[in-house]
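Readers should treat all values here as calculations from the given coordinates under stated rules, not as data from a laboratory. Please read all numbers here as calculations on a predicted model, not as lab measurements. Every residue, glycine among them, receives a Cβ derived from its backbone with ideal geometry; neighbour counts consider all protein chains shown.
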Amino acid sequence: MSKALGSKYSIETSSESKEYFEFVKDLLDDEVVSQMKNFTHHYSTTRYQHCINVSYYNYLVCRKLGLNSRSAARAGMLHDLFLYDWREVPKKRGDLPHGMKHPKVALENAEQYFELGKREKDMIERHMWPLTVKFPKYAESYVIVVIDKYTAMLELGTHCGRKLRSFTKNISRKHNTI
């Protein structure tokens, strides 16, 4: 069962998420997209889970604003479709930082495996704006910029919360053994 971090709804079974699931089911079932489960993205979150988080919240916000929620959901699921651990890639002199170049890699991969509309392409390619320099063209692209940062903060908070709970458990154990 999959769900976005912070959401109480399963994206596969809840009535609240039925439309969203219809928009992304083919992506969730895809072998290439599933490979993102093998890469840690933000601390203890996999890239696949991060993309679900971005996809789901991007869908919700765009739907609420009357924007193209289908494109928002699909672009969110594909916005980080790069199949390597960026921390392990050797850096060469003159290379752009990962944050500036991975949107182009993700877009190239997404175009290779899926049919994309112009909004989806723009959302994927510009989701790291202002690092990507070129301004997003569509309202949905600005939404994904914000949602990507929002979900990264959720993921960081979840990771820090786990670390803090573990730390306090250890302190409690030590305190109880004295």
Counting only residues 5 or more apart in sequence or on a different chain, those whose built amide H sits under 5 Å from that of Thr46 are His41
For segment 31-40, Karplus-derived ³J(HN,Hα) couplings (6.51, -1.76, 1.60; θ = phi - 60°; whole Hz; x for glycine and proline) come out as 4, 5, 4, 4, 5, 5, 5, 8, 10, 6
Counting sequence-distant residues (5 or more places) and residues on other chains, those with an amide H built under 5 Å from that of Tyr138 are none
Pseudo-spin-label distance Leu65 to Lys149, built 7 Å along Cα→Cβ, given in nm, is 1.3
Diffing segment 109-121: the Karplus 3J(HN,Hα) column from phi (6.51, -1.76, 1.60, θ = phi - 60°), in whole Hz with x for Gly and Pro, holds 5, 4, 5, 5, 10, 9, 7, 10, x, 5, 5, 4, 4
When Val61, Val146, Val24 are ranked with the fewest other C-beta atoms within 10 Å first, the list becomes Val146, Val61, Val24
HN-Hα couplings for segment 127-134 via Karplus (6.51, -1.76, 1.60; θ = phi - 60°), in whole Hz with x for Gly/Pro, come out as 5, 9, 4, x, 4, 7, 6, 5
Most exposed to least, judged by fewest other Cβ atoms within 10 Å, Arg126, Arg63, Arg93, Arg70 sort to Arg93, Arg63, Arg70, Arg126
Under the rule rounded for a/c under 1.5, else prolate if a/b exceeds b/c, else oblate, using alpha carbon gyration tensor axes a ≥ b ≥ c, segment 26-74 is classed as oblate
